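Written out below as structure tokens is the structure these notes cover.
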Amino acid sequence: MLTFLILMSLTVPISLAHADKDPSSKINKEIYASPEELLVDMINPYITEIVNKECGEGVNWTFERVNKLELIVDHTGSESKSWYELELMIRTFSSNLKNEAINLDTVTVQIDPKTYFGSIEGKRKNLDEVSVKAVKYSHHHDNKKNQ
């Protein structure tokens, strides 16, 4: 029996060493993303700033849905202007408290791309000139008044 075990150990390769994963074997995954998710990812820092100002520094948020997206065109002045109004439903929660109820809020922002109906006046290559500002914040979980 001992001879059999010795012969098996010589013929059957047994590795007790830990093998690291080959970096070339990484897999890319393609996951569907909606246009709304892309838009919210792009304005995420602005929404975070608005939530922190409205609810406090320890409050985090997650995207629920886009309630409304409108292109507003103003022809009342000497020069026509256009911007987008985006109304988002978000969930807010405190990073400090456990078992806290998740709250639904609505954030409305004005997004000014600094173009008129998609014209490429500035031939912009980044989004630094785009402005995003809060228009309205609504709490649906308490009796705070809308701003």
Report task. Assess whether Glu49 counts as being in contact (Cβ under 8 Å) with a residue 40 or more places away in the chain and surrounded by 11 or more Cβ atoms within 10 Å (Cβ to Cβ). Result -> no
Report summary line: The number of residues in segment 61-91 that are surrounded by fewer than 14 Cβ atoms within 10 Å (Cβ to Cβ) and in contact with a helix residue (DSSP H, G or I) (Cβ under 8 Å, 6 or more places away or on another chain) is 1
Requested in this report: Output the residue which, of all residues in segment 115-147 that are within 14 Å of Asp105 (Cβ to Cβ) and part of a loop (DSSP other than H, G, I, E, B), is modelled with the highest pLDDT.
Outcome: His140
Query raised in the report: Do we have Ser82 as closer than 17 Å to Ser131 by Cβ, at pLDDT below 90 and not charged (D, E, K, R) here?
Result: yes
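The values are calculated or read from the model by the stated rules, or taken from the named source; none is laboratory data. These numbers come from a predicted model, not from an experiment. Every residue, glycine among them, receives a Cβ derived from its backbone with ideal geometry; neighbour counts consider all protein chains shown.
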